[in-house]
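Just so it is clear, none of the values below were taken in a lab; they were calculated from the coordinates. Note that the structure is a prediction, hence the values are computed from the model and not measured. We place every Cβ from the backbone using ideal geometry, glycine too, and count neighbours over all the protein chains shown.
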Amino acid sequence: GALEVLPPDLQDRSVAAVVRKAGIYKPSFPWKWVDDRAEFEDLCARLLREPLVGLDVETTLEEPRVLCTIQLAVPGQTWIVDALAFADLAPIKPVLESDRVEKIIHNAAFEEQMFAKHHIRIVKIHDTLITSRKKHKKNISGGHKLGEVCERELGLYLDKSQQTSDWTTRPLHPDQLDYAAVDAEVLILLHRVLSPPKAPETLDL
């Protein structure tokens, strides 16, 4: 980043500097755009075999909100599903309602609300917003938004400028696609650092 050193003040012996954060996080997992029904069905069949899936969505801003994209991530791979391309979201229903697949979501109440409009429940949720609040309580600076949590827990800085962009346009801008992919990918990374450690196995002596 850039380092700016202020001119010295003979009346002040302190040194002041302004450091700009650098290294905005870009997707490190490969990601794929999905707008074909057969590909969507194949993806959901695969996700049913995964132990955990990062889940995020993008919607319109005005009410009633419309689901525009669904981001799904597993360790090492992300998919961006064009929710506007499908008359229904039936293929993803078994995944979200499976009690064998853990869904990693930040502020899951919003995703639950959006999928409820499609008569889909989400079960077995790990909400990284709730986990962050429980971990830190009030002993932190900053809050619990996804960008703040990623900065605190992972040292990653997210560009949130696309959050309020128009997600109904097709094709989406490359910056929007990167933004969408990152928001799902970092959930996998957060899960690793925020998951409670497993209880040690007892040893029979």
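Given +1 at the Cβ of Lys and Arg, -1 at the Cβ of Asp and Glu and no other charges, the dipole of segment 115-189 around its Cα centre is 640 debye to the nearest 20. Legend: calculated FRET efficiency, Arg133 to Ala38, from the Cβ-Cβ distance at R0 = 30 Å, rounded to 0.05, equals 0.15. The phi torsions of segment 52-57, fed into the Karplus equation with coefficients 6.51, -1.76 and 1.60 and a -60° offset, translate into couplings of 8, 9, x, 9, 8, 9 Hz, rounded to whole numbers, with Gly and Pro shown as x. Across segment 125-134, rounded Karplus estimates of 3J(HN,Hα) from the backbone phi angles (6.51 cos²θ - 1.76 cosθ + 1.60, θ = phi - 60°) give 9, 10, 8, 5, 5, 5, 4, 5, 5, 5 Hz, Gly and Pro being marked x. Among the trypsin sites (Lys or Arg not before Pro) within segment 27-104, those in coil by DSSP and having at most 13 neighbouring Cβ atoms inside 10 Å are Arg49, Arg100.
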